[in-house]
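Okay, structure first, notes after.
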Amino acid sequence: MNESHTQLTPKDLRLLLPGVAGWGFAALGIWLRPGWGGAIALGALALICVSLIRGRREHLLVQIAVVAAIAALMMLSVALGAHHREQPVVSDREDSEVSVTVSLRETYTPGARSVNVTLTSVDGEAVWGGGVSAVLVGAELGERTPYGSTAAVRGYLQKSDTWDNNSWSVMVRGEPEWVQPPGWFLSSTDLLRKGLLDRSANLDGDGGRLLPGLAIGDTSAVDRGLVQAMRDTSLSHLVAVSGANCAVVVGIVVGLISLFRGGVWAKLIGGTLALAGFVVLVTPEPSIIRAAIMAVIVLVFLAVDKPLKGIPVLGMTVLIILAANPWMALDFAFALSVLASGGILLLVGPLSDLLSTVAPRWLAVVLAIPIAAQVACQPVLILLNPVVPVWSVVANALAAPAAPIATILGMLVCVTGPLFPPVADALAWAAWLPSAFIAFLGRFFASLPLVTVPFASGLPGVLLMVGVAWGAVAFFLLRHPTQRPWRRLSGAIALLSIVIVWLGYFLPGTLAAASVPKDWVIAQCDVGQGDALLIRSEDRTVLIDTGKYPEKLSSCLSFLGVRHLDLAIISHFDSDHVGAWPVIADRVDQVWVGPVIEDDHLDITTALASAGATVLEVSAGTRLDVGDYRLRVVWPYSESFAKPGNDSSVVVLLEPTSPCAMCVSALFLGDLGEQPQRILMGRENFGALDVVKVSHHGSRDQYNGLYRKVQAELGLIGVGEENTYGHPTRGALDILEASGTHPLRSDLQGIVTVSVNGDGRLVVWSER
C-alpha cells in the first residue's frame, strides 16, 4: 500500500457530541448548583429550539436543540440529586454525633480504613429515596462483611465535598450496634465470591493473590508491592472489571441460548439478567456499570435489528449514567473507563494499520490496544500521578494473551464452586498459571530502570500530555496528502510539548516545582542521610528536624515555597537531625527541643533564641494547634531524660482538631529505639493512622507491634543514597510490608508530599 495515500477509515461519531455535552453540563451543574429555575429555563430553551425546527431538517438547529435538551436534562438531574443529597433528615444533623443505619455498597475487609455505604436512617428517622451515599471512616465491622449488609453505628456526621460522589461521611465511634447479612440473593453472590477467594488463598504466591482481581475485581489479597508494580507498568486495568468481562458473560449466555435455538428476545432477556447478576457478583463500580449498560444497549438494538457501532453506544451509555447520577462526571474511575473505551474504539483500527507495515497483523493489533487506551487515558492519569510509564505497552502486550484466560477460568471457579467443588479446584489451579505470569510481568518490569519518567502535574501537565500524546498520534495517522497541513500542525504541537517537558529538567526545577500539589499537608525533604519533614495547614508551617546539610534543606524549602516557619521541632541533637539549623535561625517563631544536656546542645538553642525564636524544652503532653490540626508530644516522658540521643527523641502525633474525613493523621518517631517504642505503645492508645515517619531511617531497631498497631498507609524514610549504614534495613521494610505500610524513601523518591482528596484518600506526589 502506498503510505502517502493511506486514509483513516470514517467512524460513526453519532452521539459523540451529545455525550461530551452531557458530561460538560453535568460538571457545570454541580459547580453552579442550579436551582429549579435554571433547569426549567434550559428546558424551555430546548422546547423553543424544537419548535423552530418543526418540519425542517437544518442540521445546525437540530444540533442546538439536542444540546439544549441535554443541558436541561443534566441541570434537572443535578437539581434533583442535590435536593436528595441535602434532605433535612440528614443535613439538620451535620457536625453532630448520630446513630445511623447503613447498607454497604462494597464488601468490607478487616483492616479497611473506610467503606462506602448508603445512609438509610439517621437517629431512627428514615432517609427518603432509598438513602444517600456516604462513607464510614474508621469502621470496625469485625470480620469480612459482604456487599448489601446493613449495620447500625454511632458516629460524627460530616458533609463531604460538593464534588464528591459520596454526599456524607460518618466518623465511626466504637463498635457497631448490630450487623445484619444481606438477603438471599446478595448472600448467594457473596458465597460465589468467597469461594473464589478461599480457593485462590490456597494457591502459591502472587498468582493466587491476583486471580480474584483478574476474575471479579477483588484485590483485597494483593499486597501493596504488587499493587504498586501493576500501577507503575499500567497493568492495573486488568483487575478493574470492565468490558472484556461483560463480553465473556454475554457471549457465554447468548451462545447457550443459541444452542437451544432461542430467539433474539430470549438472548436480550437472558443476557440482561446475566449481566445484572454479574454486576452484583463483582459489586457495582464505574467501569462495570459502564460496560454493562453498553452491553445491554447493544443487545437491545440487535433485538430490534438496528445494530449500533461503538461510539454511539458509548455516547448513549454516558448520557444514561450521568442522567441517573451526574456526580459520576467528576469520578476519575468513570472518566478513565470511558476514555479507555473511546480510545480503543477510535484508535485501534488506524494504529493497527500503521503498525502492520512493520509487524505481523496480529502483533499490530495486540500492540495497538494498550497504546490506544494509554493515549486516551494518560492526560487524566497525569492528574492522579504525574509520571509516564515507560514499559506499559510492552507489559500489556505480553499480558494480553494471559488475561482473558485467567479471567474466564476465574469466573468459572465462582460458578462451579458450590455445585462441583473438585471441578472448581481444578479450574483454580489452571487459572493460577496465567495469573502468576501477569504478576511476574508486573514485578519484572517494575524492577527495571526508568520504570516511570516524572512529568509536570496539574493543568500544565495535562495540556502538555495532550500535546505530546494526541499530537504524536495524529502526526503518524494523518497520512493522506490532503491532511498534510494538519499533520504538520500535530507534529509541531507534539515536538513543542516534548521540548517544554525536557526543558523542565534543565531549568532549575521550573516544571517540577510548578507540579507540586498546592494542598499538601505533609512533605518529606531529600536531605541525604537525615530527616527533614514539613507539616502545613492553612497558613501555618512546621518543620521537624533539619537534616545535616544546610544547602539541601534550603533547596527543599525553596522548592516547596516555604519562607517562614511557625514552629521547628528538633527531635534530638544528632547532626543528621539538627546540622542545618542555621537555615531556619532567622525564619522560625518557636522551637521545640528535647533534653538539653551537652554544651553543643546549649550552643544551638542559644543561637536560635538569639535570632528571635522562642525555644522550649518539651516532653509528653505539650501540644499546639496548627491550622486544622493539633500537634501533641507523646515522647519523651520525664523519666526518659536520663541521657541524650535516639531514645530521647521528641515524638509527635499529628491529629485533626475535630473529626474530619478529609484530614491526615501521622506519627513522627524521630530515632526512637525498639524498647522505647514498646513503652510508648503501652502508654498511648494509638488508633489507625495515615502516615508514620519510620524511626531511625529504617534501622533494624524497630518494634513491629507499634507499626501493626498504627497500620499506617504510608511510611516516610529519610535516607541517603548508597549510605554506609545499610538503611533502610530489610527487617524494617519487612515490618512495613507486614503492617500494610507503603515505604516512601527520600533516596528513591526525592522530595515527597502527601495531601488528601475529596474522598478522604491520600494523594502522594514525588520528585522522581
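Only the coordinates and a few stated rules stand behind these numbers; no lab work does. The shown structure was predicted, so the numbers you read here are calculated from the model rather than taken from an experiment. Positions of Cβ are backbone-derived with ideal geometry, glycine not excepted, and every protein chain shown enters the neighbour counts.
Quick rundown of the values:
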{"item": "Per-peptide average of other Cβ atoms within 10 Å, ordering 685-696, 95-106 highest first", "result": "685-696, 95-106"}
{"item": "Estimated D of the chain in µm² per second, where Rh is the Kirkwood radius over Cα pairs and Stokes-Einstein applies at 25 °C, 0.890 mPa s", "result": "85"}
{"item": "Whole-angstrom gap from the range 167-226 to the range 390-440, using each part's C-alpha centre", "result": "18"}
{"item": "Ratio of Rg to Rh over the range 293-378 (Cα coordinates, Kirkwood Rh, two decimals)", "result": "1.06"}
{"item": "Distant-in-sequence amide H partners of Thr120 (H built 1.01 Å from N, under 5 Å)", "result": "Thr101, Val102, Ser103"}
{"item": "Only Lys, Arg (+1) and Asp, Glu (-1) charged, at Cβ; the chain dipole about Cα centre in debye", "result": "3600"}
{"item": "Over 28 Å between alpha carbons, listed pairs Lys552/Lys709; Lys194/Lys693; Lys518/Lys693; Lys159/Lys518", "result": "Lys552/Lys709; Lys194/Lys693"}
{"item": "Diffusion coefficient, µm² s⁻¹, Stokes-Einstein with Kirkwood Rh over alpha-carbon pairs of the range 516-766 at 4 °C and 1.567 mPa s", "result": "73"}
{"item": "Built amide H within the under 5 Å cut-off of Asp671, gap 5+", "result": "Ser649, His696"}
{"item": "Lys, Arg +1 and Asp, Glu -1 on Cβ, resulting dipole of the range 88-182 about Cα centre, debye, nearest 20", "result": "240"}
{"item": "Cross-link partners of Lys309 among aspartates and glutamates (Cα-Cα below 16 Å; sequence separation of 8 or more within a chain)", "result": "Asp12"}
{"item": "Sequence ranges 288-298, 540-550, ranked by mean other-Cβ count within 10 angstrom, highest first", "result": "540-550, 288-298"}
{"item": "The chain: calculated mean residue ellipticity at 222 nm from DSSP helix runs of at least 4, using -39500 (n - 2.57)", "result": "-15500 deg cm²/dmol"}
{"item": "Positive-pole candidate from Leu363, Val227, Ile30, dipole of the chain, charges at beta carbon", "result": "Leu363"}
{"item": "Alpha-carbon centroid distance for the pair the range 657-727 / the range 285-359, whole angstrom", "result": "45"}
{"item": "In order through the range 694-702: 3J(HN,Hα) via Karplus (6.51 cos²θ - 1.76 cosθ + 1.60), integer Hz, x for Gly, Pro", "result": "4, 5, 6, 6, x, 5, 6, 7, 10"}
